Amino acid sequence: MNLALASGLLLALAGCIAFYLASPQQRWRAAPLPARPARLAAGVLLVAGMAALCQALQPLTAIYVLLTWVMLLLVLLPYLGALLTLRRGA
Amino acid sequence: MRSELIRIYKAVHTWTGILTGMALFIAFYAGALTVFKAPLARWASPPAFTEVAAVPLADAPALIAATLAVRPETARDFSLNLKLDEHQPARLSWQVRDPKGDDHDSFSVRHYAASMGADGGVSVEEAQPSKLAEFIDVLHRVVGLPADTDPNRWFMGVVAALYAVALVSGVIVLLPSLVKDFFALRVGKNLKRMWLDAHNVVGIVSLPFHLVMAITAVGFAYHDGIYALQNKMLHGGGLAAAFSPRAGGPQDAPPRDPAAMLPPAELLARVQALAPGFEPERLQYAQVSGPRATVRVWGHDATAFSPRFSGGFVALDPYSGKVVNTEYLPGQQDAPHATVSSLFALHFGAFGGTPVQWMYFLLGMAGAWLFYGGNLLWIETRRRKVPRDGSGMPVQRLDTRLMAAATVGVCLGCVCGISLSIVAGKWLHGQVADLGSWHRYSYYAAFSGCLAWAFLRGGARASVGLLWLAAMFTFAIPATSLLGALVPALGLWAHPAAATLGVDLAAAAGGLCFVWMARATARRVHGGPADSVWSARAPAAASTSSGKEAAGGAADEVEDGVATAASTR
Amino acid sequence: MSASSVPPIRRDWLAKTLAGVLLGFTLAIGCSGVFAWLADGMQMSVRAQLAMWMVMPIWLGVFSGVYFFRSGLRAWAWLGGANALVFGALAAAQWL
């Protein structure tokens, strides 16, 4: 995996985490992050991630990779949250 | 939206979901593994198979000429392989299809390979490549049925169409609470809430992935029929000519001498000049002695998506080196071709290399979980809880008990069957004549055994044992490789390649997941609330007579349940 | 207007399902025909592929949405009308 692809995926990961933590349904922290700044940060990170992916891939392929990655992360993050809830409860 | 419509679509979602959930589980579990079809095929290829001396690419023209001299019929279609591995060790290979077989039946295809000795003599042999990966792909393509035939694919198409309706109806049902509950996964006392959240978060977030899968799967099922219909109605019968413009041609042309073809290195140089980022893997020659000789140079472009599962290609005239077709060249397609190719690429995860393959693997597994969870939700919704007045343990409904047994039996049966079938690829090699069929036998033996056990013991009791069995069979995959590496005398083997070690590591991780699930399920079955189909504390038997519990057996319970239900009516 | 004046939505499972599957399919084929006619300049081999693939989203979309109709009769009437329109346009295109 080349550097541009890896950094694009990492930036998108950070963006997805910010987006998740801004949700009232997040289960990682005691309280969600302030919604507006966190979502703005998420947007900026995702755009930056897309820009990095475009260095490694053609634009349409970069969109497909970003969409696939975001779908997977947004499925996994709530499940991690549920696991954390169970841990704390135990 | 009117709440009436929500209720209607809830019924639609329930019915389409419950009818297709288990078939879709198999399609997605096998499909997630099919992402790694090539590593699986390499994992299962015996070392004896790879001991063919590889002919250097520079000697390829001599190899082609010598092969065509002994097997002239091969001129119709053969491949020169640039990337040799455990599964495809021969430089030159070709396939012969059973003329009576189905077009999609990849199982009855015979494979041949040609190699050249030091003296320049050519030897042609029938290769027996492992059919393991192909078998898992067939399970994926026809939702667990044994062969990729027209009727089986049409059945898969019905499943896929209902799956599409289930997706849309599920979103409609969820619309009122979509924004409020986005990301919600509330674990706690309310089990129905938890299963609903666990189901919704996967379904909503990966909806685009699932819509692509549903639409492409229906297309794969019915494209032959739709093309035939459109050919008559819209295209004036011109489709065959449009799809293979280089077929036909002058019949009386004198046969050409393949020795006059440009050497592969020259052809590859032309492709390199045309598409610097394209990495060729295979040269597929067709009709080389005819007037319409072509060579398709197959490969991948790391920066673009591939039009097909096995990559994309550029077609050349092998005599002049002239490029005749770039419509399927990754990264250089026009908008209409890129649109069609996107559908294929998005179904197969044929873009972004290994990282995206892993993403597709996990999204596929999440899909299997979506359908499994859907069935659990159906059961939980119909659960009979202990009444507050303390009037004793209720008998769970017959349909929920049968559904619990079927869900556990089919889903874990598929998991056990595939793992056993993979393991059989190494243990039975050299022991049986037709290993391809034995992949099928071992899968269906495990599958039907698990299913029968689930109905015999009931979903709750069977689930723990079957999860341990799934863990055992799955751990047997890396254990077999380890044995092969440590004790060569056993006749097993382990390839040192990263891809095949990846198969072993992924199986070890999968085994750990099944152990974790088995332990969690055991806690629930033996210690959780008894007023559920998921309790081994036999509510059905307990409610009738205390002595029955020891006898166990779902058959007894089912009859008891029916009798009790009838007597209370 | 009182709430009771809104007629209930009839279930009509069989009628609606058949309308969605059958008329949805014919509508999708008709639409692909209109596309093939409009995209006349496109190379035939790819035009045919696009025409084939566009059948799936239209067919499945109609099949999925058919339960919004207030009754099975309305589903058949509206989808039948849409079919007549599309195939009428296709027939008219033959004369042009």
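The values are calculated or read from the model by the stated rules, or taken from the named source; none is laboratory data. For clarity, every value in this text was computed on a predicted model and none was experimentally measured. Cβ coordinates were reconstructed from backbone atoms using ideal geometry, including for glycine residues, and neighbour counts include every protein chain displayed. In case anyone asks, the SASA skips ligands and DNA or RNA and just uses the protein heavy atoms, side chains included. Shrake-Rupley method; radii C 1.70, N 1.55, O 1.52, S 1.80 Å.
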Take the residue pairs B:LYS10/B:LYS385; B:LYS180/C:LYS16; B:LYS100/B:LYS131; B:LYS83/B:LYS322; B:LYS83/B:LYS131 and return only those whose Cα atoms are more than 30 Å apart. B:LYS180/C:LYS16
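Given a 1.4 Å probe, how much area per residue of region A:3-87 is accessible, in Å²?
For region A:3-87, the solvent-accessible area averages 48 Å² per residue.
To the nearest hundred square angstrom, how large is the accessible surface buried between C and B, total for both chains, probe 1.4 angstrom? Display every interim value, and only then the final one.
Details: alone 6600 and 27560 Å², together 30800 Å².
Chain pair C/B: roughly 3400 Å² of buried accessible area.
Full extension from B:ALA433 to B:ARG308: what is 0.36 nm times the residue separation minus their Cα-Cα distance, to one decimal in nm?
Numbers: separation 125, 0.36 × 125 = 45.00 nm, distance 3.30 nm.
Using 0.36 nm per residue and subtracting the Cα-Cα distance, I get 41.7 nm.
Kindly compute the accessible surface that chains A and B hide from a 1.4 Å probe when together, both sides summed, and give it to the nearest 100 Å². Please report the intermediate quantities before stating the final value.
Details: alone 5970 and 27560 Å², together 30940 Å².
Using a 1.4 Å probe, the pair buries roughly 2600 Å².
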Give me the one-decimal nm value for the distance between modelled label points at C:PHE68 and B:LEU84, 7 Å along each residue's Cα-to-Cβ direction. 6.0 nm
Counting residues in region B:45-129 as N, plug N into 2.2 N^0.38 Å and put the Cα Rg over that result. 1.10
Where the eigenvalues come from the Cα gyration tensor of region B:103-185, what are the semi-axes √(5λ) of the equivalent ellipsoid, largest first, in whole Å? 48, 17, 9
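Using a 1.4 angstrom probe on heavy atoms only, work out the carbon and sulfur share of the accessible area of the protein assembly as shown in %. Numbers along the way, then the final one.
Details: 22560 of 34180 Å².
Answer for the protein assembly as shown: carbon and sulfur cover 66 percent of the accessible area.
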Note: probe point = Cα of A:VAL44 + 7 Å toward Cβ; backbone nitrogen < 16 Å; residues of region A:6-34 passing the test are A:11-19, A:22, A:34
Nearest-0.05 FRET efficiency for A:ALA6 and B:LEU505, computed from C-beta distance (R0 22 Å): 0.60
Considering the protein assembly as shown, what Rg and Dmax in Å follow from its alpha-carbon atoms? 28.6, 97
Let me have the relative contact order for chain B, percent, based on Cα pairs under 8 Å that are six or more residues apart. 15 percent
Relative to the longest principal Cα axis of chain C, at what angle does helix C:44-65 sit, 0 to 90 degrees, rounded to 10? 0 degrees
7 Å from Cα along Cα→Cβ at both B:LEU490 and B:TRP516: what's the point-to-point distance in nm? 2.7 nm
Working from Cα positions, state the angle (0 to 90°, nearest 10) between the long axis of helix A:59-89 and the longest principal axis of chain A. 20 degrees
Rg to Rh, two decimals, where chain C supplies the alpha carbon set and Rh follows Kirkwood: 1.12
Here the FRET efficiency for B:GLU4 versus B:SER320, based on Cβ atoms and R0 = 60 Å and rounded to 0.05, is 0.30
Using Cα pairs closer than 8 Å and at least 6 residues apart in sequence, work out the relative contact order for region B:408-490, in percent. 42 percent
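Tell me the per residue accessible area of region B:45-129 using a 1.4 Å probe; a whole number in Å² is fine.
Values: 4410 Å² over 85 residues.
Value for region B:45-129: 52 Å² per residue.
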Taking R0 as 51 Å, what's the FRET efficiency between B:GLN128 and B:MET233 from their Cβ-Cβ distance, rounded to 0.05? 0.70
Using only the alpha-carbon atoms, how far is helix C:24-38 inclined from the longest principal axis of chain C? Give it as 0 to 90 degrees, nearest 10. 30 degrees
Provide the per-residue ³J(HN,Hα) series for region A:7-23, in order, calculated from phi with Karplus coefficients 6.51, -1.76, 1.60 and θ = phi - 60°, each as a whole number of Hz, with x at glycine and proline positions. 5, x, 5, 5, 4, 5, 4, 4, x, 5, 5, 4, 5, 5, 5, 7, 7
Using Cα positions and a limit of under 15 Å, work out the aspartates and glutamates in reach of B:LYS232, with same-chain residues fewer than 8 apart set aside. B:ASP224
State, to one decimal in nm, how far the label point of A:ARG29 lies from the label point of A:LEU13, with both points 7 Å from Cα in the Cβ direction. 1.9 nm
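May I ask you to rank A:VAL47, B:VAL159 by accessible area, largest first, using a 1.4 Å probe over the protein chains only? Intermediate values should be presented prior to the final figure.
Values: A:VAL47 100, B:VAL159 10 Å².
These residues rank, largest area first, as A:VAL47, B:VAL159.
Before anything else, pin down the relative contact order of region A:3-87: Cα pairs under 8 Å, at least 6 apart, normalised by residue count, whole percent. Before the final figure, lay out the partial values.
On the way: 98 pairs, mean separation 34.4, N = 85.
It comes to 41 percent, rounded to a whole number.
Just reorder B:VAL109, B:VAL158 by solvent-accessible area, largest first, 1.4 Å probe, all chains present.
Values: B:VAL109 10, B:VAL158 75 Å².
Largest accessible area first, the list is B:VAL158, B:VAL109.
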Per residue, how much accessible surface does region C:37-96 expose to a 1.4 Å probe? Answer in Å², no decimals. 51 Å²
Restricting attention to the alpha-carbon atoms of chain B, what are Rg (one decimal) and Dmax (integer), both in Å? 27.4, 94
